[in-house]
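The values are calculated or read from the model by the stated rules, or taken from the named source; none is laboratory data. Treat the numbers as computed from the prediction; the structure is a model and nothing was measured. Cβ coordinates were reconstructed from backbone atoms using ideal geometry, including for glycine residues, and neighbour counts include every protein chain displayed.
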Amino acid sequence: MLRIRKHRPNWPYRLAWLVIAVAVVLYVAVQAVIVNQTYSHRSIGSDWPLAIVAGLLDGTIAIWFVVVGACIGSFLNVVAYRLPLGRYIGGHSGCPYCQTPIDSLDNVPVLAWIQLRGRCRSCRLPISIQYPLVEFSVAMIFLSVYVSEFASGGANLPSNQLPSRGGGLLGISVTPDIVLRIVAYLFILSGLVAAALIAVKRQSVPLKLYFWTLLPLAVASMVQPKITLVPWRETLASGPVETRLNVIATMLCGAVAGIALSRLIAPLVYRGMDPRLLAGDAATRNARQFTGAMAVAGATLGWQFVVPLGWTIVVVGLVGSLAFRQFRDAAGLSDLTVWLWLGLLIFRANWNALTHLGSLVAWPPVVVQISAALALAPLCIAFNRFAAPVATSAGECDSSEAEVEVT
């Protein structure tokens, strides 16, 4: 007699939906309170219906950012898996164990992994937890960019931008400049996250990834030069041709500054690297891909803020490597390329405040830059001492666990 197996309730899946519902309600409630407090100090007075509508509007757009971020995170998993192997990053995903194409419902970021209990539906072999973690992390990145930059109207950006007028999306004017700037910035963060995923697996980051990461910013800056936050020099010509040439000069100066700073601190961070960055050993490979990532970050911010960004990246890398010390050597977490996206995210979210802090120093800008770059050396030595990358062969990757491509 056949024994009928009882269906067990999937409590983790139900709990995930409960957490999502509670998070949405709390976000809308907080936004409604903020909007009501903002308008209660003005002539309009307290208006809770308007505040609730504003909170729902902010919540809807925030959910859209989270969903898009989770989908982008799923795609970045594929990029990090296929790109180092030279494979085409498009096409339908499938289980590498049984080669069964993954159904669309099983491709839902995070939730599908929880519903399937971390296993393939066909062969029931385990799916790495890396995939939902990356999807969730990129979703949170998109949410943080929405809260800190989009919904605030760019209040986090340098003082030459319009400050936030409060009240969430009801208090700002959504212009093409804001949209292009946010899209280009999210594209850059996504590319740097993909580079970090490749570096975590101790594989070589292709330089073409940095090119495609920076291309949307270059195109958007040519279409709308106003999205350039900090020009390379204070006095610029106002003609259309001169404006676009200055945009190119701004990105080039930022990229050169990023490369120069990375070449300065790389010998202090990566032990035994080749100064020419031509060798194939692990230290030189890590230094080479860190230099490319710093070029992207420098072109994004401008040469004036490359050194403060370097401080942020090294501090984040040092703290992160020490916090995850037990996984550091196995996962390659001591490579600064792994932490560069987080340093850029933290720095840009507090860009305006850091600009005001830097203006307290009355020295010439060039002297401040050189002094700050030299002062970064002791911190790099501390990173080398406590969180230095472990030398491994180039392209080494843990093959004990097969990868599952999930888009």
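For the reader, a short list of remarks on this structure follows.
- Answer from Val338, Val368, Val361, Val316 - the residue that is modelled with pLDDT under 85 and part of a helix (DSSP H, G or I): Val368
- Close pairs from region 2-27: first farther than 23 Å from Trp64 by Cα, partner modelled with pLDDT of 95 or more, Cβ under 9 Å, at least 6 apart: none
- When Arg117 is tested against (1) closer than 22 Å to Trp11 by Cα; (2) buried (at least 16 other Cβ atoms within 10 Å of the Cβ); (3) in contact (Cβ under 8 Å) with a residue 12 or more places away in the chain, just one condition goes unmet, and that condition is (2).
- When residues of region 271-293 are limited to those that are among the aliphatic types (A, V, I, L, M) and part of a loop (DSSP other than H, G, I, E, B), the one surrounded by the fewest Cβ atoms within 10 Å (Cβ to Cβ): Leu278
- Selection count where residues are part of a loop (DSSP other than H, G, I, E, B) and exposed (fewer than 15 other Cβ atoms within 10 Å of the Cβ), scope region 120-150: 4
Rundown of residues vs (1) without any contact (Cβ under 8 Å) to a residue 40 or more places away in the chain; (2) under 24 Å from Gly191 (Cα atoms); (3) among the acidic types (Asp, Glu), yes/no style:
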site: Leu245; (1), (2), (3): yes, no, no
site: Arg263; (1), (2), (3): yes, yes, no
site: Leu278; (1), (2), (3): yes, yes, no
site: Trp311; (1), (2), (3): no, yes, no
site: Gly332; (1), (2), (3): no, yes, no
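- Considering only residues in region 36-56 that are buried (at least 17 other Cβ atoms within 10 Å of the Cβ) and under 28 Å from the mean Cα position of the chain (by Cα), the one that is modelled with the highest pLDDT turns out to be Gly55.
- For Gly168: the one exception among (1) crowded, with 20+ Cβ neighbours inside 10 Å; (2) modelled with pLDDT of 80 or more; (3) farther than 28 Å from Thr291 by Cα; (4) more than 19 Å from the chain's Cα centre (by Cα): (2)
- Meets criteria (assigned by TED's automatic domain parsing to the domain that holds Leu340, without any contact (Cβ under 8 Å) to a residue 40 or more places away in the chain and of a type in the set (Lys, Arg)) for Arg271: no
- Residue in region 319-326 that is closer than 23 Å to Ile72 by Cβ and at pLDDT 80 or above present: yes
- Some residue of region 87-102 being at pLDDT below 85, surrounded by 14 or more Cβ atoms within 10 Å (Cβ to Cβ), under 23 Å from Ala139 (Cβ atoms) and of a type in the set (S, T, N, Q): yes
- Qualifying residue in region 91-102 (condition: in contact (Cβ under 8 Å) with a residue 12 or more places away in the chain and either among the aliphatic types (A, V, I, L, M) or more than 23 Å from Arg121 (Cβ to Cβ) (or both)): yes
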